[in-house]
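What follows is a short report on a single structure.
The values are calculated or read from the model by the stated rules, or taken from the named source; none is laboratory data. None of the values given here were measured: they were computed from a predicted structure. A quick note on method: Cβ atoms are made from the backbone with ideal geometry, for glycine too, and the neighbour counts reach across all protein chains shown. Areas reflect the complete protein model, heavy atoms only, side chains present, ligands, DNA and RNA absent. Shrake-Rupley method; radii C 1.70, N 1.55, O 1.52, S 1.80 Å.
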Amino acid sequence: MNPIRILPDILANKIAAGEVVERPASVVKELVENALDAGATRILVDIENGGRRLIRVGDNGSGMGHDDALLALERFATSKIADDADLLSIRTLGFRGEALPSLAAVSRMTLITRPADADSGVEIRIHGGKILQVTETGAPAGTLVSVAGLFYNTPARRKFLKTVNTEMGHVGDVVAGMALGHPGVHFKLTHNGKTVKQWTRAEDPARRVAEVLGGVDGAALIAMDAGQGDIRLTGYLGPSRLARSTSRGIYLYVNGRRVRDRVVQHALFEGYHGRLMKGQFPLAVLFLNLPFDQVDVNVHPTKHEIRFADQRRVHNHVRDQVARALVENERRLWGRTQADSIGTCDDGSAAGQALPAYRIDPRPSPDAAEPGPPPFVFENRPGERSEEERPPAGMPAPQPPVFAPDGTGAGRSQRPLWEHGRFADLTVIGQFYGTYIICQGPRGLILIDQHAAHERIVYEKLSRNAGKPAAQRLLMPETVELGFAEARMLERLLPAFDDLGLEIEPFGGSTFVIKSLPVLLDGRNMASLVRELVEKASEVGIDAHLEQVLDACRMVMACHHAVRANQHLADEEIARMLRDLDGCSDPGHCPHGRPTWIQWTVKDLEKAFKRVV
């Protein structure tokens with residue numbers, strides 16, 4: 001065995017660089033974070049050849065003097081931590097004291113910096129971690145860091161870089177994320193001398209959100225601001241119709257730092273429970289602020305991952321406030337003056353307040369590079385739950401609370417869901433294709449999907465009463481034959497099914513007998529229902545929280561019992577369905593997240609018929 005020895009500083013810096021610097025986007029992240037910590041209000045990010053040839057980040061921050069600039073190139077040199085207390089309560093984006101020496105070890109780096117009160121600045125040239133030249137120079141106040149030939153002396157790392165467009169896509173994502181989190185800072189991104197994107201300083205955060213998201217009508221987003229004790233959650237939520245097929249539209253910030261945290265992500269999905277179809281991801285920009293000593297950012301060298309001192313409290317706060325904002329927003333549906341294709345409101349106040357009507361041209365700049373794959377997207381196989389959807393380790397992740405129409409817990413008495421009317425107040429015109437109920441509303445023409453609406457009604461009736469729902473015994477018990485694995489799963493689920501009012505007993509081997517079912521359900525095709533319940537429970541996972549398993553089963557039961565398409569409904573059946581919708585906490589969506597109704601305003605129809613210009 002070779003003797004133990006201390007690594008040379010240059011080699012240690014290269015190892016540190018391997019942890020901190022993965023690609024050009026990592027360089028940009030570290031340098032922009034330093035610029036923000038220095039109080040910069042203008043930041044220029046200049047890229048050449050996707051970052052392979054040059055990465056240059058300039059700012060108008062506080063800058064450094066001669067001695068500080070040299071000291072900043074040493075490992076573990078930092079102005080942001082002085083003692084143990086600082087380490088346990090980090091208030092800055094950068095803090096490790098590794099970024100500059102790590103970057104210098106794997107590139108040809110030039111540092112030019114000047115504090116505002118100095119007559120001249122200092123220029124330091126470093127190649128592969130070795131300082132070649134230190135000179136006095138004229139420079140504006142601030143700092144300019146140029147990183148050329150990234151990984152030139154570590155070819156094994158350089159060969160893993162992707163195409164120019166891919167690397168530039170990652171750089172663009174980093175800068176956009178920084179711009180979104182710091183609307184008071186002017187950001188400019190250029191590539192090969194041409195402007196890719198520029199975000200001017202925005203006094204109104206809503207404008208920056210609309211600019212960064214691109215192609216999103218700001219008026220469609222729901223602004224939220226909710227505090228509880230020393231935790232505050234602000235940000236913007238997209239209604240269901242703005243859902244995306246990947247998580248790229250989710251931006252999470254904790255104390256100003258963009259993170260990818262499973263606790264907050266899972267809480268966000270729980271808040272959207274029942275409003276998104278499987279495989280969809282919400283559009284959301286969330287800013288979570290809490291005491292600095294309640295969050296550990298020193299978990300991973302890239303600082304993307306964090307750890308909360310009380311993750312359950314954080315999770316429940318995010319989940320509840322997201323759910324509350326969506327519910328309060330939906331209460332204003334009938335007050336809309338424009339069409340809403342999914343039955344969710346886009347205006348309001350407080351937690352349901354909409355953004356100003358900013359709209360940004362989604363077309364990229366002619367000089368913009370083709371974006372690469374988003375770094376925060378997790379791939380999952382068909383039928384498999386994504387990383388974002390899985391509960392964090394040790395987190396049972398109960399379902400979000402059901403809010404009554406007054407925005408409180410469901411125990412309060414019922415009152416009209418919207419201030420401008422109820423489903424029961426609609427004028428029913430008739431059925432279309434035996435599938436959609438046509439109604440006249442206060443703002444225009446409304447179509448209700450009868451299956452989705454009835455599914456929501458049955459689901460909430462199954463969920464509403466605490467304890468075991470009323471059940472009815474079957475005159476002729478029905479048997480169901482399952483495979484071996486399904487039978488073992490059902491055996492473990494029998495107590496849970498009993499809580500749903502579904503009494504099933506083993507009948508020998510892999511056969512079971514169904515003896516009773518909830519009074520809300522009829523006895524049609526019970527064997528098929530049980531099989532589907534077992535499949536759904538298997539998909540959720542038997543190790544999940546019991547309420548999650550029961551909730552998934554309620555969805556299946558509601559779907560089986562709900563009226564079908566091409567099913568004629570009598571006038572009284574339609575009227576009862578509309579009355580029942582008024583009693584639902586979320587009448588705008590079926591349990592799977594599909595819309596229950598859509599609307600065309602009179603103005604929309606007049607436009608379609610060319611009656612107005």
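Assorted remarks:
- The calculated FRET efficiency for the pair K159 and L132, based on their C-beta separation and a Förster distance of 30 Å, comes to about 0.70.
- Ordering of 21-31, 139-149 by burial proxy (mean other Cβ atoms within 10 Å per residue, highest first): 21-31, 139-149
- Sparsely packed trypsin sites (Lys or Arg not before Pro) within the range 570-611, loop by DSSP, other Cβ within 10 Å at most 10: K610, R611
- Modelled spin labels at A118 and V513, positioned 7 Å past Cα toward Cβ, are 8.9 nm from each other.
- Full-extension gain in nm, D604 to Q198, via 0.36 nm per residue minus C-alpha separation: 142.6 nm
- Pairs exceeding a 28 Å alpha-carbon distance, out of K278/K461; K461/K603; K162/K194; K130/K188: K461/K603; K130/K188.
- Residue ranges 257-263, 449-455 sort as 449-455, 257-263 when ordered by packing (mean number of other C-beta atoms within 10 Å per residue, highest first).
- Principal axis dimensions, the range 484-613 - Cα atoms, whole angstrom, descending: 71, 32, 24
- Surface share of carbon and sulfur [accessible, 1.4 angstrom probe, percent] for the range 119-186: 56 percent
- The slack between K278 and N525, meaning 0.36 nm per residue of separation minus the straight C-alpha distance, is 86.4 nm.
- Mean shadow area of the range 202-323, taken as a quarter of the surface of its Cα convex hull (nm²): 7.8 nm²
- Positive minus negative residues near A148 (Lys, Arg vs Asp, Glu; Cβ under 10 Å): +3
- Ranked by how many other beta carbons lie within 10 Å on average, peptides 34-44, 118-128 from highest: 34-44, 118-128
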